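Following: one structure in structure tokens, then a few remarks.
The values are calculated or read from the model by the stated rules, or taken from the named source; none is laboratory data. These figures come from a predicted structure and were not determined experimentally. Cβ sites come from the backbone with ideal geometry, for glycine too, and all protein chains shown count toward neighbours.
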Amino acid sequence: MATATMVLTDGTIVKTITDGGAGDTSPTAGSISVVGGLGVFDTLNINAGFTKDFLGSAESPQMLFSGTQAGSKKGTLDAWFGDSGYLAVPLSGVFTVSNFATGAGETNYYELCYKSGADLLANIAASPTSNCEDAAIGGTLVASDTLANGAPDSATGIGGYSTTAPYSLAIHVRVAQASAGTSTFESRLVSEPASFAAWGIGLVGLSLARRRSKKSKA
């Protein structure tokens, strides 16, 4: 049975959280939330990891991955969120990314990763600092983007991407925080036909995260 999985690492400590498993503070199937600290990231609030059973379906993949992290000094956070058992052939939709930071010099790298079968998540858990197409992960890059602090939100269209069902999908975010501060990230996959509910959840989540960050800066 497919199980949504989140993997978080600061390069030394690795946390792997499965839907409904230890460390998941969300009681809802298809949703993972994590609160706590991880290495130099004293406060870690991954407040939205949504996928099928909660958002979209195997035939219409929808994913939302967002979080807020505060670090006392510079550091890098690799955050992954994914699921398996997707059936949409081909995959079409939009991959959107956004971020906000109070610390100077932050850059976030985002990628959407695909792999036929179900071993993508196990590979990620074993090598979470790798990128999608590295041999350790063995995935295929569907879309990617890099946003510096203050850059506008970005969207990449996915037009009929060739897939072999069943397959796994994962969103990878690398937060490179160059100094102490608070930052947010958000990424969404909305397949076609687009789910307006998915967009709504994402926009509300980003708005709340940015308000919290601006208040803490003030």
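Below are the figures for this structure:
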{"item": "Top-ranked residue of the range 20-64 - restricted to ones that are among the charged types (D, E, K, R) and out of contact with any Pro (no Cβ under 9 Å at 6 or more places or on another chain), ranked as nearest to L91 (Cα to Cα)", "result": "E59"}
{"item": "Residue within the range 106-113 that is out of contact with any Pro (no Cβ under 9 Å at 6 or more places or on another chain), surrounded by 15 or more Cβ atoms within 10 Å (Cβ to Cβ), closer than 21 Å to D42 by Cα and β-branched (V, I, T) present", "result": "yes"}
{"item": "Pairs with Cβ under 9 Å, 6+ apart, first in the range 54-73 and closer than 17 Å to L112 by Cα and in contact (Cβ under 8 Å) with a residue 12 or more places away in the chain, second crowded, with 24+ Cβ neighbours inside 10 Å and acidic (D, E)", "result": "P61/D83; M63/D83; L64/E186; F65/E186; S66/E186; G67/E186"}
{"item": "Identity of the residue in the range 146-185, outside any strand (DSSP E or B) and among the hydroxyl-bearing types (S, T, Y), that ends up nearest to T9 (Cα to Cα)", "result": "S179"}
{"item": "Top-ranked residue in the range 69-79 [being surrounded by 24 or more Cβ atoms within 10 Å (Cβ to Cβ) and within 17 Å of the chain's Cα centre (by Cα); ranked as modelled with the lowest pLDDT]", "result": "Q69"}
{"item": "Which numbered condition P128 fails, given (1) assigned to a strand (DSSP E or B); (2) touching a Phe, Trp or Tyr at 6+ places or on another chain (Cβ under 7 Å)", "result": "(1)"}
{"item": "Where G138 falls short, out of the listed (1) surrounded by 14 or more Cβ atoms within 10 Å (Cβ to Cβ); (2) touching a residue at least 24 places away in the same chain (Cβ under 8 Å); (3) of a type outside the set (S, T, N, Q); (4) over 19 Å from V14 (Cα atoms)", "result": "(2)"}
{"item": "Residues satisfying the stated conditions in the range 106-120, i.e. within 16 Å of V142 (Cβ to Cβ) and either in contact with a Lys or Arg (Cβ under 9 Å, 6 or more places away or on another chain) or at pLDDT 95 or above (or both)", "result": "Y109, Y110, E111, L112, C113, Y114, K115, S116, L120"}
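Conditions (1) on the phi > 0 side of the Ramachandran plot; (2) surrounded by 20 or more Cβ atoms within 10 Å (Cβ to Cβ); (3) touching a strand residue (DSSP E or B) at 6+ places or on another chain (Cβ under 7 Å), marked per residue:
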{"position": "L8", "(1), (2), (3)": "no, yes, yes"}
{"position": "T12", "(1), (2), (3)": "no, no, no"}
{"position": "G20", "(1), (2), (3)": "yes, no, no"}
{"position": "G23", "(1), (2), (3)": "yes, no, yes"}
{"position": "G36", "(1), (2), (3)": "yes, no, yes"}
{"position": "D42", "(1), (2), (3)": "no, no, yes"}
{"position": "I46", "(1), (2), (3)": "no, yes, yes"}
{"position": "S57", "(1), (2), (3)": "no, no, no"}
